[in-house]
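Student: Supplied in structure tokens, the structure appears directly below.
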């Protein structure tokens, strides 16, 4: 399930200091242990479903398998929530992970084991595009009728814990990874783009208004 943090309930969820969906963190991720009032366990939630689709691309010429993808997704969320000295460092770790996995070839080590090895390292990689460039790419896809609504004038400072939760929400149930020619590079860029909106002062609600609702 993908939440839009333009929704006040979802926005409040990640900004609530007492909430962390990985309170029982075991190094790889854990079950969500808190249901906020807006999302009771008895509720019925309907969303897009990719279970009958092919798994994501590792790169343009190679599919992942579902187990490896789900494991990578889990490790990525745990990394964004808990690893590194800041959200930016955690994202830099993901860049290094994607770069390492880009060299994987079938016939030797299992991909799921390569995922574990990639996350075992703590090295980082620099961003390939400035934050403003990532934002401009998104804004260029917003229909003319909504361009004014996509802009923001007030700078919102987003605390690091909130940033981490916001990015984890973008890493999980990510649709960019399933798009044609998407794969891990597109998945990573979507996380970096979400970070770019926060670093440029958009705030979580404005960021998801643009990323989840206004852009094409």
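Every read-out reported here was derived from the displayed coordinates using simple, explicitly stated rules and does not represent laboratory data. It should be emphasised that the depicted structure is a prediction, and the values quoted were computed from it without experimental measurement. Positions of Cβ are generated from backbone atoms using ideal geometry, with glycine treated the same way; all protein chains shown enter the neighbour counts.
Student: Looking only at residues that are in contact (Cβ under 8 Å) with a residue 60 or more places away in the chain and surrounded by fewer than 17 Cβ atoms within 10 Å (Cβ to Cβ) in the stretch 66-87, which one is nearest to residue 117 (Cα to Cα)?
Tutor: Filtering first and then ranking leaves 82.
Student: Further, regarding this structure: Please go through the stretch 88-106 and give me each residue that is in contact with a strand residue (DSSP E or B) (Cβ under 8 Å, 6 or more places away or on another chain) and in contact (Cβ under 8 Å) with a residue 60 or more places away in the chain, ordered by number.
Tutor: 101, 102
Student: Considering the stretch 165-185 alone, what residues qualify as being closer than 14 Å to residue 55 by Cα and in a helix (DSSP H, G or I)?
Tutor: Hits for the stretch 165-185 are 176, 177, 178, 183, 184.
Student: Related question: Kindly establish whether residue 100 is more than 16 Å from the chain's Cα centre (by Cα), in a helix (DSSP H, G or I) and under 17 Å from residue 209 (Cβ atoms). Walk me through how you get there before you give the answer.
Tutor: Values: more than 16 Å from the chain's Cα centre (by Cα): yes; in a helix (DSSP H, G or I): yes; under 17 Å from residue 209 (Cβ atoms): no.
Criteria not met by residue 100.
Student: Okay, next question. Which of the residues that make up the stretch 178-216 are touching a strand residue (DSSP E or B) at 6+ places or on another chain (Cβ under 8 Å) and buried (at least 21 other Cβ atoms within 10 Å of the Cβ)?
Tutor: Of everything in the stretch 178-216, those that are touching a strand residue (DSSP E or B) at 6+ places or on another chain (Cβ under 8 Å) and buried (at least 21 other Cβ atoms within 10 Å of the Cβ) turn out to be 183, 184.
Student: Please go through the stretch 163-175 and pick out each residue that is farther than 12 Å from residue 14 by Cβ and crowded, with 19+ Cβ neighbours inside 10 Å.
Tutor: Within the stretch 163-175, 171, 174 qualify.
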